[in-house]
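Peer 1: Take a look at the following structure, please.
The values are calculated or read from the model by the stated rules, or taken from the named source; none is laboratory data. These numbers come from a predicted model, not from an experiment. For neighbour counting, all protein chains shown are included, and Cβ atoms are generated from backbone atoms with ideal geometry for every residue, glycine included. We work out accessible area using only protein heavy atoms, side chains counted, and drop any ligands, DNA or RNA first. Shrake-Rupley method; radii C 1.70, N 1.55, O 1.52, S 1.80 Å.
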Amino acid sequence: MAHRVTGVLIFFFLFVHVLDTALVRVSPETYDETVAIYKTPLVNLMEYGLVAAVLFHALNGLRVVAVDFWSKGAKYQKQMLWTVMTIWGVLMAGAFYPVLRHTLHTLFGS
């Protein structure tokens, strides 16, 4: 279920990304205003959520491939899920400061 949800979220991000990038040809001023909105702490938190969704979707996708194409995949799917969650947690912890640096500096100073 989470794999599908993250896939849909990533799709909507890509859709919005294509639309906002297309703004530069329609109205450069509107594009600049949109980019300014992207520099807010709320959007930065959403970027961290995007990183979480992409990482989970990618790692879990590898697990799904292993379950489907490895003869013992179904037998070890629970262990593989815990492995995916552990790797995801470690990578998300490592991404915390690099992704949220701007927001942390904005809210708490340098």
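A quick yes/no check of all residues on (1) at pLDDT below 95; (2) of a type in the set (Val, Ile, Thr); (3) farther than 26 Å from Leu107 by Cα; (4) in contact with a Phe, Trp or Tyr (Cβ under 7 Å, 6 or more places away or on another chain):
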position: Leu19; (1), (2), (3), (4): yes, no, yes, no
position: Arg25; (1), (2), (3), (4): yes, no, yes, no
position: Tyr31; (1), (2), (3), (4): yes, no, no, no
position: Val35; (1), (2), (3), (4): yes, yes, no, no
position: Val43; (1), (2), (3), (4): yes, yes, no, no
position: Met46; (1), (2), (3), (4): yes, no, no, no
position: Lys78; (1), (2), (3), (4): yes, no, yes, no
position: Thr86; (1), (2), (3), (4): no, yes, yes, no
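Peer 1: Moving on. Mind checking which residues of region 1-37 are within 25 Å of Thr103 (Cβ to Cβ) and of a type in the set (Asp, Glu)?
Peer 2: Asp20, Asp32, Glu33, listed by residue number.
Peer 1: Continuing with this model, one more query. Output the helices (runs of 4 or more DSSP H) that fall wholly within the chain and possess 1 or more residues being touching a residue at least 24 places away in the same chain (Cβ under 8 Å) and open to solvent by less than 100 Å² (accessible area, probe 1.4 Å), or say none.
Peer 2: Details: elements: 2-26, 28-37, 41-69, 77-108.
In the chain, the matching helices (runs of 4 or more DSSP H) lie at 2-26, 41-69, 77-108.
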